[in-house]
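Worksheet: the structure to be examined is printed underneath.
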Amino acid sequence: REKKLKYVYDFTEGNKDLKDLLGGKGANLAEMTNLGLPVPPGFTISTEACKVYLESGREPAALRDEVSAHLDALEQRMGRTLGQQDDPLLVSVRSGAKFSMPGMMDTVLNIGLSDASVAGLAAQSGGDERFAWDSYRRLVQMFGNTVLGVDGDLFEEALEAAKRAKGADSDLGLDAADLRKLVGEYKAIVAEQAGRDFPQEPREQMDLAIRAVFDSWNTERAKLYRRQERIPGDLGTAVNICSMVFGNLGPDSGTGVAFTRDPASGHQGVYGDYLQNAQGEDVVAGIRNTVPLAELETIDKASYDQLMKIMETLETHYKDLCDIEFTIERGHLWMLQTRVGKRTAAAAFRIATQLVDQGLIDEAEALQRVNGAQLGQLMFPRFEDSVDDAAGYQRIGWGIAASPGAAVGKAVFDSYTAVKWSRSGERVILIRRETNPDDLNGMIAAEGILTSRGGKTSHAAVVARGMGKTCVCGAEELEVDTKRRRLTAPGGVVIEEGDLISIDGSTGKVYVGEVPVVPSPVVEYFEGRMHAGADEADELVQAVHRIMAYADRVRRLRVRANADNAEDAARARRFGAQGIGLCRTEHMFLGERRELVERLVLADTDTERDDALNALLPLQKADFVELFEAMDGLPVTVRLLDPPLHEFLPDITELSVRVALAESRKDANENDLRLLQAVHKLHEQNPMLGLRGVRLGLVIPGLFAMQVRAIAEAAAQRRAAKGDPRAEIMIPLVGTVQELEIVRDEADTVIAEVEAATGTTLKLAIGTMIELPRAALTAGQIAEAAEFFSFGTNDLTQTVWGFSRDDVEASFFTAYLEKGIFGVSPFETIDVDGVGALVRSAAEAGRAVRPDLKLGICGEHGGDPESVHFFHRVGLDYVSCSPFRIPVARLEAGRAAA
Ligand code: PEP
Ligand code: MG
């Protein structure tokens, strides 16, 4: 039996915090209604109803009656009934999920119009026949396309034909008779394509539209968008039934979108687009060109003033940038939607600090208004400022700076090609007249998006900003010919498919060819190279500086770097690293030292081996001296050699060929023969599960001892030079405490020898990586012999899932992502339920045995925003990540703690 649930809520019953239940649009319509703002009356069908429908394929039994009751109340209130012949009530049926999915789901306007009521609508509007027929043709078109699944192009073609026949260059050139004829054609298209007549019964229209909205949750493009944005697939959408107001009732009507601040810069001011005598989606779709919102002041001052006041109310109420959709019906302003608006990364930082200055939010809240992904975006390079002056860079267009960044790539004119080319490793710029939701795949694949039509609120702009992708839109001087795959710029410059093009989403400029890029001002700031000034970049840097200070003040997690040379260490330090969490010593065995490793591997006698190790020792020691100096006063965790030895030897096939050729010439050299033998001996089917990590240390006598000696001697040398080295020795790939104990004893002996020889007390901590399931499961035992744990979540993910970390991304992960088995690779974001559970229990078990056990993580997850929050929750002491991700980790650690 179905639970007795309430599925329908009047706008007066909800509020902004009910997004789970009413979707974002419904919750905010309710909030505005309760704020006393002019919202057309209506009601919302909850996401719960949608979930029942998606699970069972049927609307909940109680829904029909509940909708009837709310419709009755609405009709009472409006004094007319849905589709009433002489004076019809019309409604819109609009989707609205918890998270905004721009353009992904369905909306139908003008529900209630029919052959019978179209005249009534004309009468209602004071005899405006044209308006009535225009509204009706929009209904048949939208309903036919979204509810009955008729190809939208068929309607567009019929409309174009009607305009051509009339010699009109826009739909405004069609009169009532033309539109009436068009409605007839549209209905014929519906009958032919959908195999049924356009429904004349208003309630049937409404019920079918509601169901279509439910169904639109699971369209391919909606699913793709959710995966991209990591929106869960089971939330469902709410459906908003709202009494219609009309922006297409003549020049004193119109529709628009507005922002309470500039979503690109964060500056306060009048931002938005307005379109006179138009309805609904015309603005967003970029059908006709809009005028800047500021011009509304001259078109309709009263409505403009009222809108400005409402925007102020909304910003103070939501304490954030809001975006708004509104309609003016014959001089009467109506609010159709508001929500906390999407913004660029730079604007997010600026707005957060501006709102703190205005006293609207505190610092903790400011941290929640930005995120690490945005900070990461701000660290991308951009085009040189001087590009315009420099010879050789030809600017061919100047559109709207819709989503910042510098993007260079080959021109492509359709999504299919964008995807295909990017799969084969090409960087592409997707060029369209305007985009629609079907372009999503191509937008994801492209480096950047360029359109010739549409404003800051066009589909391309909104979606690109959401994805953090560079976008220039509305570059009107560019003529985009998608059929012939070319773009023509003023002066006859032609860009063909495959030609290189550069777009600057921060300025809106478009260039032929490849324009060089410069580092971002935010990176310059982290590098300590940013000088004070009052320009645009500096304002952003100030905001970043303040937010980073908030984050550093509240975070509990420390942030270290994965670095294995002095240069990276120094950069990491400038970026705020509090030490090195992982120095991979294998990087010190490459290059010209490879030959020494060969000698080590080939050694037949103890003397030969010791010679090789003795030759490596001073080199290793010199590496560590530099590193400890760069990180003076901060901990440096040095990991002993980890990868299988054969990685340092020649490739087996190449060497075999070389030896075979030499043998055929009878001049095979002794060394090559021995080398080949060694390579064969060391060759493994599964090297990742083979002779590596601690196993190497146990099998190759003296190897780890040499490394420990190098660390200890380097530390002693730094101490003698009055430095403050804080080395920690880390043993990789331990699966059982016995392994650790053996290596530890050996290390202790070496350290004692160095201490005695140099007369210093070194206090070198010895710890282990936890990167095998067995290590995690026996963490309590291992903690007996370890002063610290560092979770190696790369190997731990590999071994917990049984996924080869080197192969899966290229083989079956795409299929897994497409099937929604996971929304993001577990090598990127920690798998909380599996790998994460092991991290949590190992941390607890380790601390139970050794309360002062230091806990860190040095896998790739250490710089991943979501994972950082998890590591904060399980109580680790630090995360360690690559130098460039340190600011992101600092910020996210702050956000996790705030
Ligand atoms: C790990 O496994 O997570 C780790 C940090 O070690 P590596 O990536 O070097 O195997
Ligand atoms: Mg590892």
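Pull out all pairs, ordered by first then second residue, where Cβ-Cβ is under 6 Å, the residues are six or more apart or on different chains, the first lies in region 792-803 and is under 10 Å from G834 (Cβ atoms), and the second is more than 7 Å from ligand 1 (Cβ to nearest atom).
L796/V835; T797/P826; T797/F827; T797/V835; V800/P773; V800/G834; V800/V835
Restricting to region 458-473, count the residues that are within 19 Å of the chain's Cα centre (by Cα) and either at pLDDT below 80 or surrounded by fewer than 22 Cβ atoms within 10 Å (Cβ to Cβ) (or both).
The total comes to 7.
Please enumerate the residues belonging to region 790-823 that are surrounded by 15 or more Cβ atoms within 10 Å (Cβ to Cβ), at pLDDT 95 or above and more than 12 Å from ligand 1 (Cβ to nearest atom).
W801
If you scan region 716-732, which residues turn out to be assigned to a loop (DSSP other than H, G, I, E, B) and either surrounded by fewer than 24 Cβ atoms within 10 Å (Cβ to Cβ) or away from ligand 2 (no atom under 16 Å from the Cβ) (or both)? Spell out how you get there, then give the answer.
Residues of region 716-732 assigned to a loop (DSSP other than H, G, I, E, B): 721-725, 732.
A721, K722, G723, D724, P725, listed by residue number.
Only residues that are farther than 19 Å from L640 by Cβ and either touching a Lys or Arg at 6+ places or on another chain (Cβ under 6 Å) or more than 13 Å from ligand 1 (Cβ to nearest atom) (or both): list them for region 756-773, please. Before you say what the answer is, go through the steps one by one.
Applying the first criterion (farther than 19 Å from L640 by Cβ) to region 756-773 yields 756-761, 773.
Result: A756, A757, T758, G759, T760, T761.
Need the failing condition index for N671 against (1) surrounded by fewer than 14 Cβ atoms within 10 Å (Cβ to Cβ); (2) within 16 Å of ligand 1 (Cβ to nearest atom), just the number.
For N671, the exception is condition (2).
Could we say that G236 is over 26 Å from the mean Cα position of the chain (by Cα) and either closer than 20 Å to S95 by Cα or at pLDDT 90 or above (or both) here? Steps first, please.
Numbers: over 26 Å from the mean Cα position of the chain (by Cα): no; either closer than 20 Å to S95 by Cα or at pLDDT 90 or above (or both): yes.
No; evaluated as a whole, the condition is false for this residue.
Which residues, counting only those in region 835-866, are within 16 Å of ligand 2 (Cβ to nearest atom), touching a residue at least 60 places away in the same chain (Cβ under 8 Å) and of a type outside the set (D, E, K, R)?
L838, V839, A842, G856, I857, C858, G859, H861, G862
Identify the residue in region 71-121 that is basic (K, R) and either surrounded by 24 or more Cβ atoms within 10 Å (Cβ to Cβ) or part of a loop (DSSP other than H, G, I, E, B) (or both) and, among all such residues, is nearest to the chain's Cα centre (by Cα). Steps first, answer last, please.
The first filter runs over region 71-121 and keeps only residues basic (K, R), leaving 77, 80, 94, 98.
Applying the additional criterion that residues be either surrounded by 24 or more Cβ atoms within 10 Å (Cβ to Cβ) or part of a loop (DSSP other than H, G, I, E, B) (or both) yields 80, 94, 98.
Numbers: R80: 47, R94: 26, K98: 18 Å.
Residue satisfying both the conditions and the ranking: K98.
I need the full set of residues from region 553-592 which are within 13 Å of ligand 1 (Cβ to nearest atom), in contact with a strand residue (DSSP E or B) (Cβ under 9 Å, 6 or more places away or on another chain) and either of a type in the set (A, V, I, L, M, F, W, C) or not in a strand (DSSP E or B) (or both), in order please. Walk me through it before giving the result.
The first filter runs over region 553-592 and keeps only residues within 13 Å of ligand 1 (Cβ to nearest atom), leaving 560-564, 580-587.
Remaining after also requiring in contact with a strand residue (DSSP E or B) (Cβ under 9 Å, 6 or more places away or on another chain): 560-564, 580-586.
Scanning region 553-592 gives A561, A563, D564, I580, L582, C583, T585, E586.
Quick one: which strands (runs of 3 or more DSSP E) sit completely within region 463-525 and have at least 3 residues that are touching a residue at least 40 places away in the same chain (Cβ under 8 Å) and either over 30 Å from A222 (Cβ atoms) or not basic (K, R) (or both)?
By residue number, 470-473, 486-489, 493-496, 500-504, 509-512.
Considering only region 798-813, state which residues are of a type in the set (V, I, T) and more than 10 Å from ligand 2 (Cβ to nearest atom).
Here is the first cut: in region 798-813, the residues of a type in the set (V, I, T) are 799-800, 808.
V800, V808, listed by residue number.
Only one residue in G254, G266, G331 is over 20 Å from A460 (Cβ atoms), in contact (Cβ under 8 Å) with a residue 24 or more places away in the chain and surrounded by fewer than 19 Cβ atoms within 10 Å (Cβ to Cβ). Which one? Lay out the reasoning, then the answer.
Numbers: G254 fails: surrounded by fewer than 19 Cβ atoms within 10 Å (Cβ to Cβ); G266 fails: surrounded by fewer than 19 Cβ atoms within 10 Å (Cβ to Cβ).
Residue meeting the stated conditions: G331.
Quick check on S867: is it among the hydroxyl-bearing types (S, T, Y), surrounded by fewer than 24 Cβ atoms within 10 Å (Cβ to Cβ) and in the same structural domain as V636 (by TED's automatic domain parsing)? It would help to see each step written out before you state the result.
Numbers: among the hydroxyl-bearing types (S, T, Y): yes; surrounded by fewer than 24 Cβ atoms within 10 Å (Cβ to Cβ): no; in the same structural domain as V636 (by TED's automatic domain parsing): yes.
When the stated conditions are applied, S867 does not pass them.
The values are calculated or read from the model by the stated rules, or taken from the named source; none is laboratory data. Keep in mind that what you see is a predicted model, and the values were worked out from it rather than measured. Methodologically, a virtual Cβ is constructed for each residue, glycine included, from the backbone with ideal geometry; neighbour enumeration extends over all protein chains shown.
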